[in-house]
Amino acid sequence: MKKTALHDLHVSLNARMVDFGGWDMPINYGSQIEEHHCIRQDAGMFDVSHMTIVDMKGDNVKAFLQKLLANDVAKLKDEGKALYSCMLNEQGGVIDDLITYYINDTFYRTVVNASTREKDLAWINKQAESFGVEVTERDDYAMIAVQGPNARAKAHRALGEDAEDKLDDMKPFFIRDYNNLSVARTGYTGEDGYEIMVPAEQASALWSRLLENEVKPCGLGARDTLRLEAGMNLYGSDMDETISPLEAGLNWTVAWEPAERDFIGRAAITKQKEAGVKNKLVGLVLEGKGVIRNHQKVIVDGVGEGEVTSGSFSPTLSQAIAFARVPVETGDKCKIEMRGKHLDARIVKPPFVRNGKSCL
């Protein structure tokens, strides 16, 4: 398995290591529940170096990304601004969901998922050929996500004496260079914080300084329950190459205007939109006791059946929650099949939790 620049530190902290997309990664450092609450209430950090930073440069890079992505990078007017988008295949299926940062007119940076690393790079390079765009995988970088209501204040103390002055006024969904680092005010938890791109040889020192400033190390287990509570999709569970953004609750990430922008997959999802989608992604809350798991059957009386795509117990809400793909006619109630029983659940609009508070 591949190892990040922080691997030895995880082992020294007695992390439970697991295979995650071919990477040896920490699932937790003891209690996943405690790590989850730490992010909601204070500040924690994740090693997300398994994700892939891709730099794209060239005179035609904007036109290239307007072709590559379903969302439109022309929306990015201010340097450092970020855009969330899906990258589609010709059939309208999601190859990956990703964040793209506008550095300047000839330079954009994208962060793609670990599990889709090879296919993403192959697809991006293939599409870039006709645009003369230089595509560079930045495997010389590690990435640390610092998240939680106190994350930015503690990160400033770890980063340097002038970090607060240099970074505190940065708006959400922006990136800024600071002392050889790229600091983005983004995350995957529903809390404020930073995702810090750091040269690999400096990653251990930064992690140690964050520890000294009482930022708790957290594993990918807590990251998953946090993102589910926050209503954020997981690639490979809530969407994949057979699912369009219209059936993954991501219609808001598709820029339909200008009509003449012919992004990859546009014809397919336009046809699907005009015909009407058959399924939709919804949030579920279990009415009684139990834990909702991926792939459990969802039954909608008089309508049809669906399937849980992401399910878990919510530590913040102390009840079971999930995403499910169900027939588009589904209303506000359903049943979930668990061990031969049909348990009542209500259908809600995600997110389940925002800024540490229930949205239910």
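We did not get these values from a lab; they are worked out from the coordinates using the rules stated. What you see is a predicted model, and the numbers here were worked out from it, not measured in a lab. Here the Cβ positions follow ideal geometry from the backbone for every residue, glycine too, while neighbour counts run over all protein chains shown.
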**Item:** Spherically averaged projected area in nm², based on the convex hull that wraps the Cα atoms of the stretch 42-120
**Value:** 6.4
**Prompt:** What number, in nm² with one decimal, is the all-direction average of the projected area of the convex hull of the alpha-carbon atoms of the stretch 168-278?
**Reply:** 10.2
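Taking each pair of different alpha-carbon atoms in the stretch 214-266 once, compute 1/r for the pair, average those values, and report the inverse of that mean as the Kirkwood hydrodynamic radius in Å to one decimal. Could the numbers behind the result be given before it?
Values: mean 1/r = 0.0732 Å⁻¹.
Computed over the stretch 214-266, the radius equals 13.7 Å.
Can you tell me the relative contact order of the stretch 4-133? Whole percent, Cα pairs under 8 Å, sequence separation 6 or more. Show your work: numbers first, answer last.
Working: 192 pairs, mean separation 29.8, N = 130.
Reported as a whole number, the value is 23 percent.
Placing unit charges on C-beta atoms (Lys and Arg positive, Asp and Glu negative, everything else neutral), compute the dipole magnitude of the chain about its Cα centre in debye, rounded to 20. Present the calculation step by step, with values, prior to reporting the outcome.
Details: 44 positive and 54 negative charges, 216 e Å.
Taking the Cα centre of the chain as origin, the dipole is about 1040 debye.
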**Distance between the stretch 212-239 and the stretch 1-36 - C-alpha centres, whole angstrom** = 13
**Most mobile listed residue (Arg138, Arg157, Arg339) in the chain, GNM with C-alpha springs under 10 Å** = Arg339
**Principal semi-axes in Å for the stretch 231-301 [√(5λ), Cα gyration tensor, largest first]** = 29, 13, 11
**Request:** Name the lysines eligible as straight-distance cross-link partners of Lys171: C-alpha to C-alpha under 28 Å, and not fewer than 8 places from it in the same chain.
**Result:** Lys57, Lys62, Lys67, Lys75, Lys77, Lys81, Lys154, Lys216, Lys349, Lys357
**Request:** Taking only Cα atoms and a 10 Å spring cutoff, compute GNM fluctuations for the chain and point out the largest among Asp169, Asp240, Asp120.
**Result:** Asp169
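At a Förster radius of 30 Å, what calculated FRET efficiency corresponds to the Cβ-Cβ distance of Glu79 and Asp140, to the nearest 0.05? Could the numbers behind the result be given before it?
Working: r = 23 Å, r/R0 = 0.76.
The calculated FRET efficiency here is 0.85.
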**Fill in**
Distance in nm between Glu260 and Val303 label points, each 7 Å along Cα→Cβ, equals 4.1
**Asked** How big, on average over all directions, is the shadow cast by the Cα convex hull of the stretch 70-116, in nm²?
**Response** 3.5
**Prompt:** Among Ile196, Leu181, Leu220, whose Cα sits farthest toward the positive end of the charge dipole of the stretch 157-224 (+1 at Cβ of Lys/Arg, -1 at Cβ of Asp/Glu, about the Cα centre)?
**Reply:** Leu220
**Fill in**
Comparing Thr136, Thr186, Thr100 in a Gaussian network model of the chain (Cα, 10 Å), the one with the largest mean-square fluctuation is Thr136
**For the chain: relative contact order, % (alpha-carbon pairs under 8 angstrom, 6 or more apart)** = 18
**Message:** Rounded to the nearest 20 debye, what is the charge dipole size of the stretch 84-132 about its Cα centre when +1 sits on each Lys and Arg Cβ and -1 on each Asp and Glu Cβ?
**Reply:** 100
**Asked** Restricting attention to the alpha-carbon atoms of the stretch 33-183, what are Rg (one decimal) and Dmax (integer), both in Å?
**Response** 16.6, 51
**Prompt:** According to the Cα gyration tensor, what semi-axes, each the square root of 5 times an eigenvalue, does the equivalent ellipsoid of the stretch 255-360 have, listed from largest to smallest in whole Å?
**Reply:** 30, 18, 11
**Message:** Test of understanding: what is the full-extension gain from Lys289 to Thr106, defined as 0.36 nm times their sequence separation minus their Cα-Cα distance?
**Reply:** 60.5 nm
**Asked** Pulled fully out, how much extra length does the chain show between Glu329 and Asp8, if you take 0.36 nm times their separation in residues and subtract their Cα-Cα distance?
**Response** 110.5 nm
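Where in the stretch 111-206 are there GluC sites (Glu not before Pro) that are in a DSSP coil and have at most 10 other Cβ atoms within 10 angstrom of their Cβ? Could you put the intermediate results ahead of the total?
Details: sites: Glu118, Glu129, Glu134, Glu137, Glu161, Glu164, Glu191, Glu195, Glu201; in loops: Glu161, Glu191.
Those satisfying the criteria are Glu161.
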**Prompt:** Dividing the alpha-carbon Rg of the chain by 2.2 N^0.38 Å yields what?
**Reply:** 1.00
**Prompt:** Distance in nm between label sites at Ser204 and Val18, each 7 Å beyond Cα in the beta-carbon direction?
**Reply:** 2.7
